[in-house]
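Derivation of every value follows stated rules applied to the coordinates shown; laboratory data play no part. It should be emphasised that the depicted structure is a prediction, and the values quoted were computed from it without experimental measurement. Positions of Cβ are backbone-derived with ideal geometry, glycine not excepted, and every protein chain shown enters the neighbour counts.
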Amino acid sequence: DLVPEVVESCELDSDLEGRASLGRLTEGERSCLLAQRDGAGSSQTDRSKASRALMVDAFGRGSRADQDALLSHHLERIDQSDPDLCLRHAMALGRQGRATDAIRWADTALENRTVWSGSTYTRKVATTYKLRAAMAQELWRAKAAVEGDREAADRAEAARALTKTYAREWLDYARSADLDDREALALCVSAAGNDASCR
């Protein structure tokens, strides 16, 4: 005899959220939340809440692979307005060597930076500018290492120019926020080839 599968409830209440924060959701609850997140009949708010509960659970379980996959899905298909999630995703992509994608999500974090305020704003905006410049530098290094024709040289030059632009933006922000600008200045000078462009 076939026994029908019992689908657990996953009402988003404080009990479920508490267990999610500890990484203690059951497989059934995770499946239920996935169905709610991906369900055509779910409201945008419910989809977002279910997605966030799944991400919190993955973080609580210490599952980096699940965290990255769930975060990517959330940002690509549900909501891109949270700069913290965008920055976290950009950092994860940077660790994976996906510099172009990291820059995209750093840009999205900066587009939504007005959510941050006070010292959190200052710290996170500086971190985002730094990450973006570092990822551009990684692209520059990778493209400069490629021997080849004029097209390869042009790609390396474009990556260097991008690094200079992002380093300069980081430098300008560091100076305007009265932060230590030495690292940003060094990268700007390296990419520009002179310090006149970075004054």
For the stretch 153-186 versus the stretch 36-65, the gap between their alpha-carbon centres in whole angstrom = 36 Å
message = Sequence gap at least 6, Cα distance under 8 Å: using those rules, report the relative contact order of the stretch 1-76 to the nearest whole percent.
response = 31 percent
inquiry  = Quick check on the stretch 1-76: what are the equivalent-ellipsoid semi-axes from the Cα gyration tensor, as sqrt(5λ), descending, whole Å?
reply    = 19, 16, 13
Values of log10 I(q)/I(0), in the order q = 0.16, 0.17, 0.25 Å⁻¹, for the stretch 112-199 under a Debye, Cα-only, solvent-free model = -0.63, -0.69, -1.13
Cα-centre dipole for the stretch 1-76 with unit charges at Cβ (Lys and Arg positive, Asp and Glu negative), debye to 20 = 360 debye
key: Charge dipole magnitude, Cβ of K and R +1, D and E -1 - the chain, Cα centre, debye nearest 20   = 900 debye
inquiry  = To make sure I understand, if each residue's beta carbon is the centre and we count other beta carbons within 10 Å, what order do Asp154, Asp57 fall in, fewest to most?
reply    = Asp154, Asp57
remark   = The residues Thr108, Thr127, sorted from fewest to most surrounding Cβ atoms within 10 Å, come out as Thr127, Thr108
query = What span do the alpha-carbon atoms of the chain cover on each of the three principal axes, reported in whole Å from largest to smallest?
reply = 76, 44, 28
